[in-house]
């Protein structure tokens with residue numbers, strides 16, 4: 001797989017590429033090539049280094065002699081020595097500038113005989129602009145309209161922005177090296193702009209009013225075909241052009257904010273947390289003055305806080321969630337309050353280790369959900385509220401809360417049904433009713449697999465594995481642990497990954513595989529410390545002490561038990 005211009009990609013895509021390079025549990029392997037400018041590593045210095053076999057190759061600028069040689073070669077005998085030297089000096093060692101400049105100075109660009117007046121442009125942007133100006137007006141206009149597409153497009157899609165576009169004209173733009181084919185086996189032929197710099201220059205030559213009009217047309221076509229998230233991107237660009245034309249006209253910007261909120265919510269519900277955060281941040285940037293924010297912005301902040309929560313970024317999550325509560329209370333928006341208070345309550349347990357505070361927050365969340373009257377919101381707030389008595393080891397009380405949640409689940413809300421069954425299974429395991437716990441989690445896992453929700457699948461697999469290990473069936477547990485860990489890793493769910501690996505470490509220990517046990521348990525502790533979590537360390541240190549004891553290292557075991565007691569004193573209470 002090859003990814004070009006990675007420095008232009010947003011965080012969600014960069015995270016996805018990084019995860020692709022991590023070796024999974026299966027036997028399949030892939031060669032991943034990423035091309036980017038140095039800005040990528042300036043912004044994210046450690047990006048791409050998580051893979052054990054990654055290689056970084058830096059392409060340094062060409063020397064003066066190399067630049068002259070490339071200009072001569074690219075010119076095919078039509079570039080003289082003086083021009084080659086001038087191109088080399090202007091290019092600053094940039095091969096793209098050299099190729100573009102020599103292409104512009106070729107005979108086809110300056111006249112049939114190649115002897116027209118020629119001058120070397122000062123920048124690569126000037127090169128592209130000059131090439132664009134030299135094109136036939138019809139092709140130039142078509143290229144400008146094609147530049148509004150964020151990615152690739154086919155001829156039919158091109159006709160959304162230019163009804164008269166033909167396949168022959170697209171071929172002419174390809175011959176002119178404006179467009180290149182975007183190969184997708186089995187799909188309708190698609191094209192894209194040949195290079196990001198070229199696209200920026202061509203798009204920059206399109207008037208603001210035309211950008212506004214064309215992006216709206218593309219957005220509407222995407223909405224009509226059932227792609228609201230992609231439509232949001234174009235509405236955002238249309239809104240940016242609209243604000244440049246009239247900063248006081250909020251019609252398009254407000255429409256873009258609404259669309260980005262929908263797109264963010266869709267990504268959040270799919271557990272694509274980085275993508276969700278990106279959409280929400282862009283929505284807030286388009287939302288106007290903060291003093292005028294209301295229910296819509298409160299919901300954006302609440303969704304953003306939840307997305308940060310699933311990534312284990314508790315401090316950032318708390319900031320967004322508290323702001324959501326502040327605005328939600330001011331405008332009395334029960335939806336934003338139920339959502340934000342729900343996650344603030346869980347953070348109070350795991351991050352702040354303050355169960356009393358969590359109880360107050362989660363009670364408020366349940367009240368807001370009940371005021372809203374939405375069963376989906378009520379069930380979710382109850383699912384979180386049940387962890388307060390569970391943390392206090394009042395398992396009969398948490399059983400009642402989660403049974404109520406299960407009884408209220410909408411028949412279409414399979415996510416909540418899985419979570420309620422999983423919570424009840426965990427509760428039953430604490431009550432030492434392992435067979436009932438196993439039955440509950442099997443029901444949950446079946447539903448999760450049917451819906452295809454990978455986060456729920458991983459949750460149910462890890463809980464099933466825990467129970468199998470408790471029942472002395474550790475060999476059966478390991479494949480479930482392995483798959484769950486792999487899924488959590490792919491989703492970037494760091495806390496869940498740490499919890500799963502800690503549990504797998506215990507299973508390894510019970511099987512006598514002490515090296516693997518220690519590796520998993522130490523990973524869990526490192527992650528918990530990085531996240532600031534206080535729930536995992538006490539029992540993880542304790543189980544690591546048992547590994548040391550099995551090795552016969554009593555001194556190490558004592559030290560680890562001391563750390564466990566210290567962590568427990570700072571844990572939820």
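Distance between the C-alpha centres of the range 432-447 and the range 300-339: 33 Å, rounded to the whole angstrom. Mean sequence separation of contacting Cα pairs (under 8 Å, at least six apart), scaled by the length of the range 349-484, corresponds to a relative contact order of 15 percent. State whether the range 127-179 is rounded, prolate or oblate according to the following rule on the C-alpha gyration tensor (a ≥ b ≥ c being the square roots of its eigenvalues): a/c under 1.5 gives rounded; otherwise a/b larger than b/c gives prolate, and the remaining case gives oblate. Because a/c hits 1.5 or more and a/b exceeds b/c, the range 127-179 counts as prolate. Packing order of peptides 132-144, 88-100, highest average first: 88-100, 132-144 (average count of other Cβ atoms within 10 Å over each peptide's residues). Sorted on the mean count of surrounding Cβ atoms within 10 Å across their residues, most packed first, peptides 33-43, 299-309 read 299-309, 33-43. Per-residue ellipticity at 222 nm, computed for the chain from helices alone with -39500 (n - 2.57) per DSSP H run of at least four residues, works out to -22000 deg cm²/dmol.
Of interest is the spacing of the C-alpha centroids, which for the range 511-569 and the range 350-389 amounts to 31 Å. Between helix 514-531 and the chain there is an angle of about 70 degrees, using the helix long axis and the longest principal axis of the Cα atoms.
Report, to the nearest 10°, how far helix 137-146 tilts away from the longest principal axis of the Cα atoms in the chain, using its own Cα long axis and a range of 0 to 90°. With rounding to tens, the tilt is 10 degrees.
Each of the peptides 365-373, 244-252, 230-238 was scored by the mean count of other Cβ atoms within 10 Å over its residues; in descending order, highest first, they stand as 230-238, 365-373, 244-252. Available extension along the chain between residue 397 and residue 295 is 33.3 nm, counting 0.36 nm per residue and deducting the alpha carbon span. Over 43 Å, how big is the tail of the calculated P(r) for the chain, in percent of all Cα pairs? Result: 35 percent of Cα pairs exceed 43 Å.
Values quoted throughout were computed directly from the atomic coordinates according to the rules given, and no laboratory measurement underlies them. These numbers come from a predicted model, not from an experiment. As a convention, Cβ positions derive from the backbone with ideal geometry for all residues, glycine included, and neighbour counts pool all protein chains shown.
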